[in-house]
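> Before I ask anything, let me first share the structure, which is written out below as structure tokens.
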Amino acid sequence: MKNFKKIVSKSIAVIYFTAMLFSCSNSTEEVRNFLEEKNLPIGKAKEAFHVYKDSGQITSKLITPLLLDFSNRKKHPYNEFPKGIKIINFTNKGKDSVTIIGDYAQSYVKTEVSEIKGNVIVVNHTDKSRLETEQLFWDQKTKYFVSEKAFVMYKGNDTIIGVGFECKEDLSKHLAKKTTGRIETKE
């Protein structure tokens, strides 16, 4: 009789547990909407290292200690890099490269515009030019940087200091606003 009671109580526990497992019927869409309402990311990656390729050629590398994926947002899906980001872009079949580093970044999926903040450094390794600022907006479609913050740009023997600038992704063809600095010219 004792054995029969044990078997019945265990069977009831197993049936109850099984019923609980099958009662969870949230669809993927319901979970996404819940995470969006609570402002939670749909995914998280630690120590992420992502390589982008085009036609078999490596075009860029993204390195970050933490990536938060908010692609579940209906209007403005984005990725957040709260612990910093390092991006290396390769052109000319990998011979030329530009490195972008910042303490924080957000990249908006639909517009392909990224905001990089905090100790932002952009280095063109080919011509050894360097840009330092606190905030940078990067339009990945047009390959263009824009900022209204203070900056310092080093190009060859020139040091340009100012507030506000626009330039191509490789730091060429720049338009600097409110500038001072030391620029060498040929007479």
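> Name the one entry in Thr185, Thr142 that is at pLDDT 90 or above and outside any strand (DSSP E or B).
Thr142
> When the residues of the range 74-109 are narrowed to those that are touching a residue at least 60 places away in the same chain (Cβ under 8 Å) and open to solvent by less than 50 Å² (accessible area, probe 1.4 Å), which ends up nearest to Glu47 (Cα to Cα)?
Initial filter on the range 74-109 (touching a residue at least 60 places away in the same chain (Cβ under 8 Å)): 89, 91, 96, 98.
Imposing the further condition that a residue be open to solvent by less than 50 Å² (accessible area, probe 1.4 Å) reduces the set to 89, 96, 98.
Numbers: Asn89: 19, Asp96: 26, Val98: 21 Å.
Per the stated criteria, the residue is Asn89.
> Now for a separate question. Among the residues in the range 47-61, are any in contact (Cβ under 8 Å) with a residue 40 or more places away in the chain, acidic (Asp, Glu) and surrounded by fewer than 16 Cβ atoms within 10 Å (Cβ to Cβ)?
The answer is no, given that none of the residues of the range 47-61 is in contact (Cβ under 8 Å) with a residue 40 or more places away in the chain, acidic (Asp, Glu) and surrounded by fewer than 16 Cβ atoms within 10 Å (Cβ to Cβ).
> Hey, another quick one. Of all residues being within 17 Å of Leu62 (Cβ to Cβ), of a type in the set (A, V, I, L, M, F, W, C) and under 16 Å from the mean Cα position of the chain (by Cα) in the range 116-144, which is surrounded by the most Cβ atoms within 10 Å (Cβ to Cβ)? Just the residue, please.
Across the range 116-144, the extreme among qualifying residues is Ile116.
The values are calculated or read from the model by the stated rules, or taken from the named source; none is laboratory data. Quick caveat, the model's predicted, so the values are computed rather than measured. Here Cβ is always computed from backbone atoms with ideal geometry, including for glycine, and neighbour counts include all displayed protein chains. What goes into the accessible areas is simple: the full protein's heavy atoms, side chains included, and nothing from ligands, DNA or RNA. Shrake-Rupley method; radii C 1.70, N 1.55, O 1.52, S 1.80 Å.
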